[in-house]
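Here's the structure we're looking at; comments come further down.
What follows is calculated from the coordinates using simple rules that are stated; it is not laboratory data. In this text the structure is predicted, and so the values were computed from the model without any measurement. Neighbour counts run over all protein chains shown; Cβ positions are idealised from the backbone, glycine included.
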Amino acid sequence: MNRDKETCELEKLPTGIKGLDLTSYGGLPKGRTTLVSGTVGSGKTILAVQFLAGGIKDAGERGVFVTCEETPTDIRTNMLSLGWDIQQWEDEGKWAFVDASRYPGTEAIENGPYDLGAFLARIEHAVAKLGATRVSVDSLGAIFSQFSDAGTVRRELFRIAVALKRLGVTAVMTTERTEEYGDIARHGVEEFVADNVVLMRNVLDQEKRRRTIEVLKLRGTGHQSGEWPFTVLPAKGIVIVPLSAIEATRKSSTVRVTSGNAELDAMCSGGFFRDFIILVSGATGTGKTLIVTHFVGTAAATGERCLLYAFEENHEQLLRNANGWGVDLEKLEKAGNLRIVCAYPESAGLERHFLSIRDAVEEFKPTRIAVDSLSALEHVATDKSFREFIVGLTLFIKHHGITGMFTSTTPMLMGGMSATEAHVSTIADSIILLRYAEMFGEVRRGLAVLKMRGSTHDKNIREIQVDGMGMHIGRPFQGITGILSGRPRHISRDQIDRASSPSTQEELARTP
Amino acid sequence: MSRYVLKLYVTGQTPKSQAAIVNLRRICQEQLAGEHELIIIDVLEQPQLAEDDKILATPTLVKQLPLPSRRTIGDLSDKEKVLLGLDLRAWDPQSMGVER
């Protein structure tokens, strides 16, 4: 007996779904059956097809697809839109259907005891004929609907599960659930394929559809827990957004990079660190897009690659505004150092926005990324999804060691917190606040560096001026307090002196 | 040519399959008096035929001719239901299993 072999991790088979391989630490247990349970429209069939497609495309493995619900013709047609040409795989001997779907005229009169021996024989035959190592059965519930004796069907499906194990194939069986958070599956099927369970959900939360996948258990082996959001993309199928699965391990950088504005660099004791996530918060019109323009414009002009995601303005507006500040973004774009992506927040779900940013980063390989504004995406999804999105995005950016700048629009003109700030502030390495301040009947704008990890920074709230050359940071505000809280109040010279005098405390203590 | 073409899908030598063969042969003898062709198919030996006919359960009796094609599953122990499946009884779902 080999002891090493006993303690050895179960061998796993990549599923063809990258994110699922990540959360299951390598894929589904080889040679075993995994139950995939979900409500109607949760994506079970796509997963079942993708499991075989992944085997064919990535591992040269052949697969048998047992369809009990849709006809093979329907599946061939439906999956073409996801980029899987099943017909071609069938012609090449890589894919075979076992068609157990219902046809008109095949309803049977039940007369005495029966078993599903023919069904099992057909599956075994297809596996043997093709030399298949993967089998998908979609779905078990549809078999129950074809026979009146649920007990027989359950016993026979158990027999099929045992037979699949004996054949040494790795199988996925899908089954229905009636509730998103309830029993694992209908008909008690989890009793015979309970080794490995994956749950798929399609939850309606605050009028937003949220699709998630969860590895509930993989017997004898580890996996990450919790629900993972996913989306279905053309030519890709199921794409899981591996939010916090991204490893947070990275080296801290000590290299300083410019914010794009010399005066702001000076406030930050020499600029940001290379791997910083910077949050720029302010009301509309306080200069967030201006800071972003400097952030990407200055760097791109020195040959850095910068990626700008704009969710509030369109391309023309961005270029025009930047021109007004003396920054020629169009030239930088043409030189290939800058890429601007403008998107409407509502054009896609958060998962798709995340994947779009991820793909752009992996393809363009920028050293800086700016998202203007992140808060524009707040209303696309629920608060929970939004938080996951922000955590995922920041981890992803940090993982790649690039400098990231997010802007956040505060809901009120004079300050206050938005959901974006609540979620980002602890993750952000640096926070820059932009605030309006009313002084003697005039609206002025102020800037403060609130946080600067690993470095000292200027604690003053300084007034900013904007002209044709961009932003200029001036002197600290004097004789005014309460700008940060959104309630500016003038104070006299005398009060300031008293507050900063060392004897103030003693004086106060002596006062009766 | 036989008026009736019947196919009976079975799994090897299981009791259910054997019972179905015996029951069907007896009924055919009594009711069809040689005017039939009975093909017995063992799915373990000829799985492709089961695939072509999309058979799941065994035993399955397929009345291929005369049309319409009808299917009965089980060991065929209820003679009346077999006759129903062979269209030798009026097709009325209410009468399923009812003695006449």
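Structural remarks
- Shown is the FRET efficiency for B:Arg26 and A:Asp58, computed with R0 = 51 Å from the Cβ-Cβ distance and rounded to the nearest 0.05: 0.35.
- Sites A:Asp91 and A:Ala266 - FRET efficiency at Förster radius 56 Å, r taken between beta-carbons, to 0.05: 0.25
- Global form of segment A:321-383, assessed from the alpha-carbon gyration tensor, a/c cut-off 1.5: oblate
- Pairs beyond 29 Å (Cα-Cα), from A:Lys365/A:Lys459; A:Lys288/A:Lys334; A:Lys18/A:Lys398: A:Lys365/A:Lys459
- Listed residue (B:Val62, B:Gln29, B:Gln48) projecting farthest to the positive dipole end of segment B:1-93, Cβ model: B:Gln29
- Charged side chains reduced to their Cβ positions (Lys and Arg at +1, Asp and Glu at -1) give segment A:340-387 a dipole of some 140 debye around its Cα centre.
- For the residue pairs A:Lys44/B:Lys63; B:Lys7/B:Lys81; A:Lys129/B:Lys7; A:Lys94/B:Lys54; A:Lys44/A:Lys384, alpha carbon separations beyond 26 Å are given by A:Lys44/B:Lys63.
- Label separation (A:Arg209 vs A:Ser347): 2.0 nm, computed from points 7 Å beyond Cα along the C-beta direction.
- Label-reachable residues, segment A:447-478, where backbone N falls under 15 Å from a point 7 Å from A:Met412's Cα toward its Cβ: none
- Cα gyration tensor shape for segment A:265-351, rounded if a/c is under 1.5, else prolate or oblate: rounded
- Added length on full extension, which subtracts the Cα-Cα distance from 0.36 nm per residue, A:Lys459 to A:Ala150: 104.0 nm
- Averaged over B:74-82, number of beta-carbon atoms from partner chains that fall within 10 Å: 4
- Full extension of the chain between A:Ala422 and A:Ser356 yields a length gain of 21.4 nm, computed as 0.36 nm times the residue separation minus the alpha carbon distance.
- Label point distance in nm, B:Ile40-A:Thr284, each placed 7 Å from Cα along Cα→Cβ: 8.4
- Projecting the Cα atoms of B:Thr11, A:Ser148, A:Leu279 onto the charge dipole of the protein assembly as shown (Cβ charges, centred on the Cα centre) puts A:Leu279 farthest toward the positive pole.
- Most fluctuating residue given options B:Lys63, B:Lys54, B:Lys81, as computed from a GNM of chain B linking Cα atoms under 10 Å: B:Lys54
- Rel. contact order, % - alpha carbon contacts under 8 angstrom, at least six apart, chain A: 13
- Anisotropy class of segment A:386-463 from Cα gyration tensor, a/c 1.5 cut: oblate
- The protection proxy used here, the mean number of other Cβ atoms lying within 10 Å of each residue, ranks peptides A:118-130, A:368-380 as follows, highest first: A:368-380, A:118-130.
- For the protein assembly as shown, the antiparallel share of DSSP beta bridges with both residues in that region comes to about 45%.
- Residues of segment A:446-472 with amide N under 20 Å of the 7 Å Cα→Cβ point at A:Phe440: A:446-447, A:461-466
- Note on A:Ser492/A:Met469: beta-carbon distance plugged into 1/(1 + (r/R0)^6) with R0 of 35 Å gives a FRET efficiency of 0.50.
- When +1 charges are put on Lys and Arg Cβ atoms and -1 charges on Asp and Glu Cβ atoms, the dipole computed for the protein assembly as shown relative to its Cα centre reaches about 1080 debye.
- When you count the other C-beta atoms within 10 angstrom of each residue and take the mean per peptide, A:451-464, A:343-356, A:281-294 line up highest first as A:281-294, A:343-356, A:451-464.
- Relative to the longest principal axis of the Cα atoms of chain B, the long axis of helix B:15-32 makes an angle of roughly 40 degrees.
- Take the Cα of A:Lys165, step 7 Å toward its Cβ, do the same at A:Tyr181, and the gap between the two points is 3.3 nm.
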